[in-house]
1. Can you tell me which residue within the range 65-79, out of those that are surrounded by 13 or more Cβ atoms within 10 Å (Cβ to Cβ) and under 21 Å from the mean Cα position of the chain (by Cα), is farthest from Glu122 (Cα to Cα)?
2. Report, ordered by the first and then the second residue, all pairs with beta carbons closer than 8 Å, sequence separation of six or more or different chains, a first member in the range 35-50 that is under 13 Å from Val13 (Cα atoms) and hydroxyl-bearing (Ser, Thr, Tyr), and a second member that is part of a loop (DSSP other than H, G, I, E, B) and open to solvent by less than 70 Å² (accessible area, probe 1.4 Å).
3. Of everything in the range 101-132, what is open to solvent by less than 60 Å² (accessible area, probe 1.4 Å) and among the polar types (S, T, N, Q)? Give them in sequence order.
4. Evaluate the range 120-128: report whether one residue or more is modelled with pLDDT under 85 and among the aromatic types (Phe, Trp, Tyr).
5. Criterion first (over 30 Å from Pro143 (Cα atoms), at pLDDT 90 or above and not in a helix (DSSP H, G or I)) does Tyr25 satisfy it?
6. In the range 120-153, which residues are within 18 Å of the chain's Cα centre (by Cα) and touching a residue at least 12 places away in the same chain (Cβ under 8 Å)?
7. Would you be able to tell me the number of residues in the range 17-33 that are open to solvent by 50 Å² or more (accessible area, probe 1.4 Å) and farther than 21 Å from Glu114 by Cα?
8. If you check every pair at least six apart or on different chains, which have Cβ atoms under 6 Å apart with a residue in the range 14-26 that is farther than 18 Å from Lys63 by Cβ first and a residue that is basic (Lys, Arg) second?
Amino acid sequence: MARKKEYNEDEVVEKAMRLFWQNGYESTSMQMLEKEMGINKFSIYSSFGNKHGLFIESIKCYKSKIREMFENFKNASNGIEDIKQFFNDSVSSSFKTDEQKGCLVTNTYNEFSETDDLIIKEEMTSFMDNLKTLFIEKLKMDPSKDEETVLKQANYLVLAKHGLAAAARVNSKKEIEDYIELTFKNL
């Protein structure tokens, strides 16, 4: 007869997510995960298969945490101003604690950029494609922009968002806010 879990999976995944966000995948050891999550390796392997499986669940947890910000962005109707607000909102969430800086998805994208991990690449591609689609929708609200301009600006904004997320790990909030301001002067 299987034993009943003595922990809440959602809670331990969130703890793991914060640890991965702070340290990255490679630098997060099983011992660190055990300590942070308050469960042993057996429980981690039993619930998630391995560290990689736990990491995938952590990415999903992160995406669910930022879903509201994306929904607000998706449902807004002020075009470029909505994109700028999204950038500002993402900066605000990046500076909530000293441990988590930047965007977990962007950090993961950078850490796994040269690996052949298809699951991680699929998660990252899905996230980035969704973001670019939203940028395109908002840019198309300006009737003076042709398709080519919209696509070029969407590509520019995706790269600017990558840069913003990476910079949020090391730059001050004021420097990031200045970066956002100048980014949108170029559109």
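The values are calculated or read from the model by the stated rules, or taken from the named source; none is laboratory data. Computed from a prediction, not measured in an experiment: that's the story for all the values here. Every residue, glycine as well, gets a Cβ built from its backbone with ideal geometry; the counts of neighbours run over all protein chains shown. Side chains included, ligands, DNA and RNA excluded: accessible areas come from the protein's heavy atoms. Shrake-Rupley method; radii C 1.70, N 1.55, O 1.52, S 1.80 Å.
1. Narrowing the range 65-79 to residues surrounded by 13 or more Cβ atoms within 10 Å (Cβ to Cβ): 65-66, 69-70, 72-74, 76, 79.
Adding the requirement that they be under 21 Å from the mean Cα position of the chain (by Cα) leaves 65-66, 69-70, 72-74, 76.
Values: Lys65: 19, Ile66: 18, Met69: 21, Phe70: 19, Asn72: 24, Phe73: 23, Lys74: 22, Ala76: 27 Å.
Ranking the qualifying residues of the range 65-79, first place goes to Ala76.
2. Correct list of pairs: Ser43/Tyr7.
3. Passing the criteria: Thr106, Asn107, Thr108, Thr115.
4. No, the range 120-128 has no match at all.
5. Answer is yes for this residue.
6. Going through the range 120-153, the residues within 18 Å of the chain's Cα centre (by Cα) turn out to be 120-135.
Scanning the range 120-153 gives Ile120, Glu123, Met124, Phe127, Met128, Asn130, Leu131, Lys132, Leu134, Phe135.
7. Counting residues in the range 17-33 that are open to solvent by 50 Å² or more (accessible area, probe 1.4 Å) and farther than 21 Å from Glu114 by Cα gives 3.
8. none
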